[in-house]
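Structure first, commentary second.
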Amino acid sequence: MASRDGNGWVRCELGHRHWGRFGAAGLLAYVLDGPLLLQRRTWWSHHGGTWGLPGGARDSHESALAAALREAAEECGVPPDVVRQRAVLTDDHGGWSYTSVLAQAAEPFPVVSDDDESDEVAWVPAGQIEGLDLHPGLAAQWARLGRELSPVTIIVDGANVVGSRPDGWWRDRPGAAARLRAELMPLPSHGITELPDGMAIPAPAADLPLDGRRRGRGEQVSGQTRMRWLPEVVLVVEGAARAAAAAADDGPVQLVAAPGSGDDTIAGLAARTPGRRIVVTADRELRQRCTAAGAAVAGPGWLLGLL
Ligand SMILES: [Zn+2]
């Protein structure tokens, strides 16, 4: 049985009083180009009556994802396994932090308010969020969160990345592809903390919290924020390296054997994959094709620097 040792008030280094001895976490469930799930907090709760993310105090043993999912299940009936974690935004106040877990759902799923901590639960179109009376925490982060409701996929040009390191790959091409895949395996769960140049989302023109007027002039509402994206990773192999695909087990890195030219397969993935795509290749012509398809591009050095 979980000990639920996170319940309790703390004062952060910015001088706020917060619920959650080990910080708190909330679930931002969204449908790509669709609505997101919000909860209106019951009147007796802290900032009662405002709309925010389902979530609550983290226990000492608990990851942000586990806490966000547990609270979302309790408060809104979010079933397990209907959302996929895509990114986390941590707002660190010093001595207390709030982690927003951005998680994608294939489509809106039925939710129900527990009528205890939550009065109402709804799927809200992203364009209507700013018109709501938002919880100050969500209001402070919405300018950032609203631009992150899109998964990140890294599409790796296997031949190009393998070829960028003179490690004897030419003696065993399937083996070299399998080695690269093994190196990429931790990436979807460890995530990345920087996007390649040209893909970073520009800062909003006015980075002021929506509710600044209610919190009083000059008060700092949010702390240090850190973003971590948890990407899908697709490794495309061609030619002799395709034998690696037949031998590949299930795992967090998908291995795609190009039926013909690897470039055609990669350009096709760059065009068709939903959300944000990063194609990793140094091949100039392929970079142009992928950029034209709306993807960002990065060189092998960027990817290898993450491993
Ligand atoms: Zn604080």
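Summary of values
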quantity	calculated
DSSP bridge orientation in the chain - percent antiparallel, rounded to nearest 5	55 percent
In degrees, nearest ten, helix 173-184 long axis to first principal axis of the chain (Cα)	10 degrees
Extension gain (nm, one decimal) between Arg179 and Gln288, 0.36 nm per residue minus Cα-Cα	36.5 nm
Sites Ser3 and Arg171, calculated FRET efficiency, Cβ-Cβ separation with R0 41 Å, nearest 0.05	0.15
Arg84-Gln224 pseudo-label distance in nm [points 7 Å out on the Cα-to-Cβ vector]	3.2 nm
Estimated distance in nm for a label pair at Ser63 and Ala271, the labels positioned 7 Å out from Cα along Cα-to-Cβ	3.6 nm
Neighbour-count order for Val78, Val236, fewest beta carbons within 10 angstrom listed first	Val78, Val236
FRET efficiency estimate (nearest 0.05) - Cβ-Cβ, Val112 to Arg11, R0 35 angstrom	0.55
Estimated inter-spin distance, Asp197 and Arg147, nm [label 7 Å along Cα→Cβ]	1.9 nm
Farthest toward positive dipole pole in the chain [+1 Lys/Arg, -1 Asp/Glu at C-beta], among Leu28, Gly305, Gly146	Gly305
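Each value in this text was obtained by applying a stated rule to the coordinates, not by laboratory testing. In this text, all values refer to a predicted model and were calculated from it rather than measured experimentally. Note that each Cβ is placed from the backbone with ideal geometry, even for glycine, and that neighbours are counted across all protein chains shown.
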